[in-house]
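K.L.:
This is the structure, below, for whatever I ask next.
The values are calculated or read from the model by the stated rules, or taken from the named source; none is laboratory data. All values reported here derive from a predicted model rather than from experimental measurement. Heads up, the Cβs are rebuilt from the backbone with ideal geometry, glycines too, and the neighbour counts pull from every protein chain shown.
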Amino acid sequence: MNKFTASKAQRLDKFLSEKLNQNRNQVQNLIKKGLVKINGEIITKTGHKIKGNEQIEISKLNEKKEAKKVDFDIPVLYEDEDLLVINKPSGIVVHPAPSVKEATVVEWLKSKGFSLSNLAGEERFGIVHRIDKETSGALVIAKNNKTHEFLSNQLKDKSMGRYYLFLLNHPLKEAVCVHKPIARNPKNRLKMAIIPNGRDAKTLFIPIEQNLGAAKLYTGRTHQIRIHLNSIGRYILGDKTYGKKEQSTKRVMLHAKEIYFTHPNGKKLSIIAPLFEDFKNELKGIQYETKINNLNRRFAAFERLCKP
């Protein structure tokens with residue numbers, strides 16, 4: 001156990017980052033896990049303000065975590081010394097959490113012996129961004145901290161982006177930009193909702209063929225595509241959280257088809273994630289192949305809809 005005395009008022013995470021010589025993300029993970037006490041009281045708010053002359057204690061996780069069996073494999077779409085891009089199947093969680101009992105993408109990465117960044121903490125080795133458990137598709141993984149920070153900055157300035165494909169209960173009539181704030185649903189903490197004072201969220205939707213559509217994210221909120229579709233009277237097949245409870249479709253038909261970003265070496269990359277068989281089986285004769293090859297061009301024709 002580490003003990004410190006804070007001599008002046010400042011943010012808790014900033015103070016600990018300096019004392020432990022760790023980056024802010026790593027320190028924030030310690031705080032969120034309830035491993036930090038101030039004057040004997042557990043603090044879980046990363047932005048907590050130290051008043052000064054307080055006793056700060058940091059505990060360490062002593063329990064040995066049980067190794068989870070990795071009984072799946074994940075296709076690697078691209079790999080070099082700095083990063084890799086994988087095609088995550090539906091049904092696999094990206095990183096560990098207290099509620100997650102099965103092996104995750106992080107455990108799979110470790111089992112394969114990949115070198116991974118630790119900028120986001122032990123439980124999120126290499127994870128720059130995430131996609132939901134039931135969503136499949138492209139996910140970029142950082143192998144070192146320099147690359148992780150470089151890619152994270154692109155997420156912030158929106159120069160990294162993704163195109164998603166989905167199957168709807170009813171076809172989109174036309175392209176539409178949905179710009180509505182999202183926050184945790186006050187009536188159901190497991191769901192998100194359109195909330196007036198929520199976080200800014202913007203999505204461009206375009207029809208492809210019949211009930212097959214595509215989305216471009218301008219922000220990256222939890223359940224953003226699903227919430228914004230719900231706000232225009234649509235839901236993704238298999239989505240029992242925001243759609244009908246009784247559905248024959250076994251998974252959420254949402255796939256991150258393409259991810260584009262700039263490599264640390266300056267080269268612009270655009271990685272395509274092929275559809276999995278469970279998604280193809282739901283297309284039921286839709287002629288989609290040639291219509292999803294150039295999603296960037298298709299979206300470019302409707303970008304004006306999302307401009308202020």
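K.L.:
From the list Lys240, Lys187, Lys191, which residue is without any contact (Cβ under 8 Å) to a residue 24 or more places away in the chain and within 25 Å of Lys88 (Cβ to Cβ)?
P.N.:
The unique qualifying residue is Lys240.
K.L.:
Then there's this: Check Glu81, Glu54 and return the single one that is at pLDDT 95 or above and not hydroxyl-bearing (Ser, Thr, Tyr).
P.N.:
Matching residue, one of Glu81, Glu54: Glu81.
K.L.:
Quick one: Arg226 ticks every box in (1) charged (D, E, K, R); (2) without any contact (Cβ under 8 Å) to a residue 60 or more places away in the chain; (3) buried (at least 19 other Cβ atoms within 10 Å of the Cβ); (4) not in a helix (DSSP H, G or I) except a single one, so which number is it?
P.N.:
(4)
K.L.:
Looking at the stretch 276-300 only, could you name the residues that are under 24 Å from Arg251 (Cα atoms), of a type outside the set (D, E, K, R) and either assigned to a strand (DSSP E or B) or touching a Ser or Thr at 6+ places or on another chain (Cβ under 8 Å) (or both)?
P.N.:
Answer for the stretch 276-300, where residues must be under 24 Å from Arg251 (Cα atoms), of a type outside the set (D, E, K, R) and either assigned to a strand (DSSP E or B) or touching a Ser or Thr at 6+ places or on another chain (Cβ under 8 Å) (or both): Phe276, Phe279.
K.L.:
Of all residues in the stretch 76-124, which are surrounded by 20 or more Cβ atoms within 10 Å (Cβ to Cβ) and basic (Lys, Arg)?
P.N.:
Selection gives Lys88, Arg124.
K.L.:
Considering each of Ile31, Ile86, Ile92 in turn, give the residue that is within 22 Å of Glu149 (Cβ to Cβ) and touching a Ser or Thr at 6+ places or on another chain (Cβ under 9 Å).
P.N.:
After ruling out the rest, the residue left standing is Ile31.
K.L.:
Related question: Scan the stretch 245-271 residue by residue and report those that are free of Cβ contacts under 8 Å to residues at least 60 places away in the same chain and not in a loop (DSSP other than H, G, I, E, B).
P.N.:
Residues satisfying the conditions are Lys268, Ser270.
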